[in-house]
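For reference, the structure is listed below as structure tokens.
The values are calculated or read from the model by the stated rules, or taken from the named source; none is laboratory data. Small disclaimer: the values here were computed from a predicted structure and weren't measured. Note that each Cβ is placed from the backbone with ideal geometry, even for glycine, and that neighbours are counted across all protein chains shown. With ligands, DNA and RNA removed, areas are computed over all heavy atoms of the protein, side chains included. Shrake-Rupley method; radii C 1.70, N 1.55, O 1.52, S 1.80 Å.
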Amino acid sequence: MTTIDDTSTAGTPAVVPDATPVLQARGLVKTFGRVVGLDGVDLDLYPGEVLAIIGDNGAGKSTLVKCLTGAETPDQGEILLDGNKVHFKRPQDARAAGIETVYQTLAVSPSLDIASNLFLGREVRRPGFLGTVLRLTDRAGMRESARRELRELGISTLQDVTVPVENLSGGQRQAVAVARAAAFGSKVVVLDEPTAALGVRESGQVLELVRTLRDKGVPVIIISHNMPHVFEIADRIHVQRLGRCAATITPQSHTMTEAVAIMTGAAQA
Amino acid sequence: MTTTTATADPAAEFLDRRSPLERARGVLHRYPALSPAIVLVLSVIVFGLLNDRFLALSNLSLITQQVAVVGTLAAAQTLIILTAGIDLSVGAVMVLASMVMAQVASGSGAPPVLALAFGLLVGMACGGLNGFLVTRLKLPPFIATLGTFNVFTAIALLYSRGATVRGGDMPAVMTWTGTTFPVFGVRVSTGVLLMLGAYLVLAVALSRTAWGKHVYAVGDDKDAARLSGISVNRVLLSVYLTAGVILALAAWIQIGRANAASPNVGVDMNLDSITAVVIGGTSLFGGRGVIWGTLLGALIVGVFRNGLSLAGLDVLYQTLAVGILVIVAVSLDQWIRKVRK
Ligand SMILES: Nc1ncnc2c1ncn2[C@@H]1O[C@H](COP(=O)(O)OP(=O)(O)O)[C@@H](O)[C@H]1O
Ligand SMILES: [Mg+2]
């Protein structure tokens, strides 16, 4: 187990206000029968920032993220990636465009090993006849890059990439899921409640991972219920309330109490 | 950035504080073919001690030939069960394919290659129908294949008018799978070799191709697979089609083994194929198991049946023993799967 050195607090990168957002949502609406999941949401994600999304249960956080990542298609509104309109019909589409997601219901395959999980859905084939005709995968190569990827993310507890994921602890599984999202040069990484099921130390490791990602220049959207985590990690905070964006604040502009007040409707931004 | 001077063996972290029993369970969990391998070795030893005719080369050869057909069916069954499905129609598909092969080969004077091709088409059509019912109509595999089991059985009987086609009425190619040749003194049939070939191809495909990983992932957790970008329905359909191909192969092996094609043989092989898969350590819940385990499972069933009959016991005791084997195997699987919650 690595210990997290907590000396690197708040190296907040200045968010350039007039930079083009990497990812934008405009007026997203999503209904489920009579239930309104999203009621016209706007969202901006700028290069190199960690954007937290907070909100009460049922505020539409997961639905928002699912629309951004192709797991749901919005009824109305548009999504722009690097300023260009995109339409994601399936998670594969978003993934192909560089948006990687760790869903709340951890989408890993327990019986497959770590390397197979990292490469699931984008396996690398052997070169030449073996790969193109016999379609054999480059197992050794994938294991090697899995190891390298984990090392670069500072996840040193997962050195044996041939261990089935079901043998890992909750935090280690989460690390695998995050590593999968972070690997392969993704443009945007989205994490839905990544620390909800974790203990203190494991949460710390995941937050450390988020920081590593940001320091590599990858913008991150993170949903969390945990205010201390949000205020520790976020550059900006999108407050979701009743299917809409109630406010966008920063850890500097508001206190946790004020954020909660906006979240519950007790105060305006 | 942390450098990788981590604990030497990360596995040690969760291996140490466990009792020997839990450790054994962990090992069995990681290597699903281990328990059937142990059972096979033990049962060969026990039956060998009980009756010295059991270990005679001619008897061992007989066991492999008896296992060839069920073993091939079980290979197809393994694929389906790995996706958390089940196929009750494997025996019926094989019978239907064998009847079509035999009729085309014996009646029309068509070249035997054409007969085999027709059988292959029938196998794939049957598999395709099962796949369609499971992926498009969203029927549970158990129900879908219970239905098609009856449909295919009836079609086979109607098509053949209930009549057996004798091997002598077919070109030699059709019964080629029943011919034997000596390997180090043991007579091996072509059918056994074809079965082993099927296992080899499946083993490579399952462990060394993206398709294989996707089969496991779909069986493990469909939603997770979908979110990982896997087209679940396409994988399922491909699995049922592949199973159809293997069942056509089983039909050919069956014609050679029986030196005939009969619409009344093979229906009971459904359950034997599931038995072989389950004894072989593949979980009925999907996502866990290896194809070689199934081969071991089929051999265990063959060894039990053969050994008990050599011991002079009534065939009912074979059925009893196989039944107990299944229950023990499934219980063992339940227990093994409890590793880490
Ligand atoms: N698949 C669905 N079917 C029906 N209602 C849904 C579905 N997904 C979300 N909802 C509803 O949409 C609203 C927002 O849900 P969600 O985005 O999961 O909220 P959060 O993640 O903020 O807790 C809730 O009222 C929820 O019940
Ligand atoms: Mg949620």
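Going by accessible area, probe 1.4 Å, with all protein chains left in place, what is the ranking of B:S238, B:S283, B:S331, largest first? Intermediate values should be presented prior to the final figure.
On the way: B:S238 30, B:S283 0, B:S331 65 Å².
The most accessible residue leads, giving B:S331, B:S238, B:S283.
Could you check what % of the DSSP bridge pairs in chain A are antiparallel, to the nearest 5?
60 percent
Among all helices in chain B defined by DSSP H, which have a length of 30 Å or more along the axis from Cα atoms plus a Kyte-Doolittle mean of at least 0.0?
B:57-82, B:112-135, B:232-258, B:315-336
Could I have the simple spin-label model distance between A:R201 and B:L21, label points 7 Å from Cα toward Cβ, reported in nm to one decimal?
2.8 nm
Using +1 at the C-beta of Lys and Arg and -1 at the C-beta of Asp and Glu, which of A:V206, A:Y103, A:G243 has the Cα lying farthest in the positive direction of the dipole of chain A?
A:Y103
Kindly provide the helix-only [θ] at 222 nm of the protein assembly as shown, computed as the sum of -39,500 (n - 2.57) over DSSP H runs of four or more divided by all residues, to the nearest 500 deg cm²/dmol?
My calculation for the protein assembly as shown gives -17000 deg cm²/dmol from helical runs alone.
In Å² (nearest 100), what accessible area is buried between B and A, both sides summed, heavy protein atoms only, 1.4 Å probe?
By this definition, chains B and A bury close to 3100 Å².
With a 1.4 Å probe and all protein chains left in place, how much accessible area per residue does chain A have, in Å²?
Counting only protein heavy atoms, the per-residue value for chain A is 42 Å².
If amide H atoms are built 1.01 Å from N in the plane of the peptide, which residues on other chains or at least 5 residues away come under 5 Å of the amide H of A:V50?
A:V220, A:D235, A:R236
Local charge sum around A:L130 (other residues, Cβ-Cβ under 14 Å, Lys/Arg +1, Asp/Glu -1)?
With Lys, Arg at +1 and Asp, Glu at -1, the net is +3.
Mind running the shape call on the protein assembly as shown? Use the C-alpha gyration tensor, a ≥ b ≥ c as the square roots of the eigenvalues: rounded below 1.5 for a/c, prolate if a/b tops b/c, oblate otherwise.
Prolate is the answer for the protein assembly as shown, as a/c is 1.5 or above and a/b outweighs b/c.
Using a 1.4 angstrom probe on the protein heavy atoms only, line up A:K30, B:K338 by accessible area, largest first. Display every interim value, and only then the final one.
Details: A:K30 25, B:K338 120 Å².
In descending accessible area the options line up as B:K338, A:K30.
Provide the packing ranking of B:59-65, B:268-274, i.e. peptides ordered by the mean count of other C-beta atoms within 10 Å per residue, highest first.
B:268-274, B:59-65
Compute, for A:E232, the solvent-accessible surface of its heavy atoms (probe 1.4 Å) with the complete set of protein chains present, and express it in square angstrom to the nearest 10.
80 Å²
DSSP loop trypsin sites (Lys or Arg not before Pro) in region B:144-207 with at most 13 other Cβ atoms within 10 Å of their Cβ, which ones?
Passing both the DSSP loop test and the Cβ count: B:R161.
What does the charge count around A:E78 come to, taking other residues whose C-beta lies under 9 Å from its C-beta (Lys +1, Arg +1, Asp -1, Glu -1)? Numbers along the way, then the final one.
Working: positive: A:R26, A:K85; negative: none.
Counting the neighbours of A:E78, the net charge comes to +2.
For region B:33-333, report the accessible area per residue in Å² (1.4 Å probe, heavy atoms, rounded to an integer).
40 Å²
As a test of reading the structure, rank B:Y31, A:Y103, B:Y159 by solvent-accessible area (1.4 Å probe, protein chains only), most first.
Numbers: B:Y31 125, A:Y103 15, B:Y159 90 Å².
So, going from the largest accessible area down, we get B:Y31, B:Y159, A:Y103.
Using unit Cβ charges (K, R positive; D, E negative) and no other charged atoms, how large, in debye to the nearest 20, is the dipole of region B:17-140 about its Cα centre? Working shown, then result.
Numbers: 8 positive and 3 negative charges, 129 e Å.
Charge dipole, region B:17-140, about its Cα centre: 620 debye, nearest 20.
What's the magnitude of the charge dipole for region B:33-333 around its Cα centre, counting Lys and Arg as +1 and Asp and Glu as -1 at the beta-carbon? Answer in Debye, nearest 20.
460 debye
Can you check what the net charge comes to around B:A102, using other residues whose Cβ is under 15 Å from the Cβ of B:A102 (Lys, Arg +1; Asp, Glu -1)?
Cβ neighbours under 15 Å give a net charge of +2.
Return the long-range amide H neighbours of B:G286 (sequence gap of 5 or more, or a different chain), with a cut-off of under 5 Å between placed amide H atoms.
Under 5 Å from the amide H of B:G286: B:A84.
Across region A:84-99, in residue order, what do the Karplus-derived ³J(HN,Hα) couplings come to in whole Hz, using 6.51 cos²θ - 1.76 cosθ + 1.60 with θ = phi - 60° and x for Gly and Pro?
Per-residue couplings from phi come out as 9, 5, 10, 10, 9, 9, 9, x, 4, 4, 5, 4, 4, 7, x, 9 Hz.
For peptide B:199-212, how many partner chain Cβ atoms fall within 10 Å of a residue's Cβ, on average? Write down the numbers at each step before the final one.
Details: counts 0, 0, 0, 0, 0, 2, 3, 0, 3, 8, 7, 11, 3, 4.
Taking all residues of B:199-212 together, the mean is 3.
Sequence-distant or interchain residues sharing an amide H contact under 5 Å with A:V102, placed H: which?
Hits under the 5 Å cutoff: A:V190, A:L191, A:D192.
May I ask which residue of A:A179, B:G244, A:T132 lies farthest towards the positive end of the charge dipole of the protein assembly as shown, with charges of +1 (Lys, Arg) and -1 (Asp, Glu) on Cβ and the Cα centre as origin?
B:G244
If the viscosity is 0.692 mPa s and the temperature 37 °C, what Stokes-Einstein diffusion coefficient in µm²/s follows for region B:65-215 when Rh is the Kirkwood radius over Cα pairs?
On the way: Rh = 16.8 Å.
D, rounded to a whole number, is 195 µm²/s.
Hey, could you get me the Stokes-Einstein D for region B:33-333, Kirkwood radius over alpha-carbon pairs, 20 °C and 1.002 mPa s, rounded to whole µm² s⁻¹?
Rounded to a whole number, D works out at 111 µm²/s.
At a probe radius of 1.4 Å, what is the per-residue accessible area of B:E22, in Å² to the nearest 10?
B:E22 exposes around 80 Å² with every protein chain in place.
What is the dipole size for the protein assembly as shown, taken about its Cα centre, with +1 at each Lys and Arg Cβ and -1 at each Asp and Glu Cβ, in debye to the nearest 20?
So the dipole magnitude of the protein assembly as shown works out to roughly 1300 debye.
Given the protein chains as shown and a 1.4 Å probe, how many square angstrom of A:K66 are accessible, to the nearest 10?
Surface open to solvent at A:K66 totals about 70 Å².
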